[in-house]
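The values are calculated or read from the model by the stated rules, or taken from the named source; none is laboratory data. Everything numeric in this text was worked out from a predicted model, so none of it was measured. Because the Cβ atoms are built from the backbone with ideal geometry, glycine has one as well, and the counts that use them run over all protein chains shown. Each accessible area value is taken on the protein alone, full model and side chains, heavy atoms only, with ligands, DNA and RNA left out. Shrake-Rupley method; radii C 1.70, N 1.55, O 1.52, S 1.80 Å.
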Amino acid sequence: MLLATLAACSKKEESAATAPAESAPPAAAAADPIATAVNSETRSAEDRARDQYRHPQAALEFWGLQPGMIILEVQPGGGWWTEILAPYAHATGGKYYATSADLDNPELSEGARKARSDFEARFAAKPDVYGTVTLVNFGAKSKPLPADTFDFILTARSVHGWMGGGVADKVFSDLYGALKPGGILAVEQHRAKPGNQDPKAASGYVTEAYVVDLARKAGFELVASSEVNANPADTADHPFGVWTLPPSSRTRPYSEGADANDPKFDRTKYDAIGESDRMTLRFQKPTAPTG
């Protein structure tokens, strides 16, 4: 009886050992692709240190990012979001695009051309991580973006710059046209206290009501807002605007030079605040014309 039992157990173990690998769900399929992209070791330690202020996983989940989406990042800057979004798109069967300097603009500076070239080369160097990173022209005089193309457009802390340049209406209109019907516009922006808004947003802060009005004027619907990036400690009235706070941590006006520093300026309370209080908004392009 014992021998029979042992033989039966041996056959079960042999069967389990030789079972096809696909009988168990692969680890990659079980993993959360947003969490995987956010926690990837391909991101620099410096970028990951800012997650405590920028909450990328919670924000992307709130905005409704989904596998397979065609993503456009507006003005990616140093690539903080790119390091998350491009690998995510590559891993989930989507596509990643980013706006960049408008090469069709004859007045484009050599510095802007070089910045575009450097950004392109940086992400092209690791196609196994980032997939194909496609850049599209963007600027004050740029042609409309590809129409009805994107499922998800992210703009992070850029609205004040558009206001300062007098192109906010143009940009929101361009983004509206570029989204597919039902597509998502994800907005993160330094948040001013409610009240009158400086139309040039010289401090870098914009009221939430003003941003919502800009988006609605372009045709967007506000779906939801989140306090995931709220910072109640930020009074939004600092001597050098939002750039007084980390990560810019300015100690002199920008007009005195991009690298100007005043060693006598006491940064203690500004460093304690951390990064800015920010609105986190989810807009949608209607699936059918309104009105």
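Listing for the model above:
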quantity: Looking only at region 109-140, and only at residues there that are among the hydroxyl-bearing types (Ser, Thr, Tyr) and not in a helix (DSSP H, G or I), the one that is surrounded by the fewest Cβ atoms within 10 Å (Cβ to Cβ); calculated: Ser109
quantity: Every pair of residues 6+ apart whose Cβ atoms lie under 6 Å, when the first sits in region 219-231 and is touching a residue at least 24 places away in the same chain (Cβ under 8 Å) and under 23 Å from Ile273 (Cα atoms) while the second is open to solvent by less than 70 Å² (accessible area, probe 1.4 Å) and part of a strand (DSSP E or B); calculated: Ser225/Leu281; Ser226/Thr280; Val228/Thr280; Asn229/Arg278; Asn229/Thr280
quantity: Cross-chain or 6+ apart pairs with Cβ under 7 Å, region 239-250 first and in contact (Cβ under 8 Å) with a residue 24 or more places away in the chain, then part of a helix (DSSP H, G or I); calculated: Trp243/Tyr254; Thr244/Tyr270; Leu245/Tyr270; Leu245/Ile273; Pro246/Asp271
quantity: Residues of region 195-237 satisfying the condition of being open to solvent by less than 60 Å² (accessible area, probe 1.4 Å) and either of a type in the set (D, E, K, R) or closer than 17 Å to Gly165 by Cβ (or both); calculated: Gln197, Ala201, Ser203, Gly204, Tyr205, Val206, Glu208, Val211, Leu214, Ala218, Asp234
quantity: Residue check, Phe150 touching a Leu at 6+ places or on another chain (Cβ under 8 Å), among the aromatic types (Phe, Trp, Tyr), open to solvent by less than 60 Å² (accessible area, probe 1.4 Å) and under 22 Å from Gln57 (Cα atoms); calculated: yes
quantity: Any chance Lys264 is in a loop (DSSP other than H, G, I, E, B) and either over 24 Å from Gly166 (Cα atoms) or open to solvent by 40 Å² or more (accessible area, probe 1.4 Å) (or both); calculated: yes
quantity: Qualifying residue in region 265-281 (condition: of a type outside the set (A, V, I, L, M, F, W, C), under 30 Å from Thr149 (Cα atoms) and out of contact with any Pro (no Cβ under 6 Å at 6 or more places or on another chain)); calculated: yes
quantity: Single unsatisfied condition, Trp162 versus (1) closer than 30 Å to Pro199 by Cα; (2) open to solvent by less than 20 Å² (accessible area, probe 1.4 Å); (3) in contact (Cβ under 8 Å) with a residue 12 or more places away in the chain; calculated: (3)
quantity: Residue match in region 43-57 (condition: at pLDDT 95 or above and farther than 26 Å from Ser249 by Cβ); calculated: no
quantity: Close pairs (6 angstrom Cβ cut-off, 6 or more residues apart or separate chains): touching a residue at least 12 places away in the same chain (Cβ under 8 Å) and part of a loop (DSSP other than H, G, I, E, B) in region 172-198, surrounded by fewer than 21 Cβ atoms within 10 Å (Cβ to Cβ) and not hydroxyl-bearing (Ser, Thr, Tyr) anywhere; calculated: Ala192/Ala236; Lys193/Ala236
quantity: Close pairs (6 angstrom Cβ cut-off, 6 or more residues apart or separate chains): more than 12 Å from Leu135 (Cα to Cα) in region 105-121, modelled with pLDDT under 95 and open to solvent by 80 Å² or more (accessible area, probe 1.4 Å) anywhere; calculated: Asn105/Lys141
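One line per residue, one yes/no per condition, for (1) surrounded by fewer than 22 Cβ atoms within 10 Å (Cβ to Cβ); (2) of a type outside the set (Gly, Ala, Ser); (3) in contact with a Phe, Trp or Tyr (Cβ under 8 Å, 6 or more places away or on another chain); (4) without any contact (Cβ under 8 Å) to a residue 24 or more places away in the chain:
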site	(1), (2), (3), (4)
Ala49	yes, no, no, yes
Val74	no, yes, yes, no
Gly79	yes, no, yes, no
Ser142	yes, no, no, no
Leu154	no, yes, yes, no
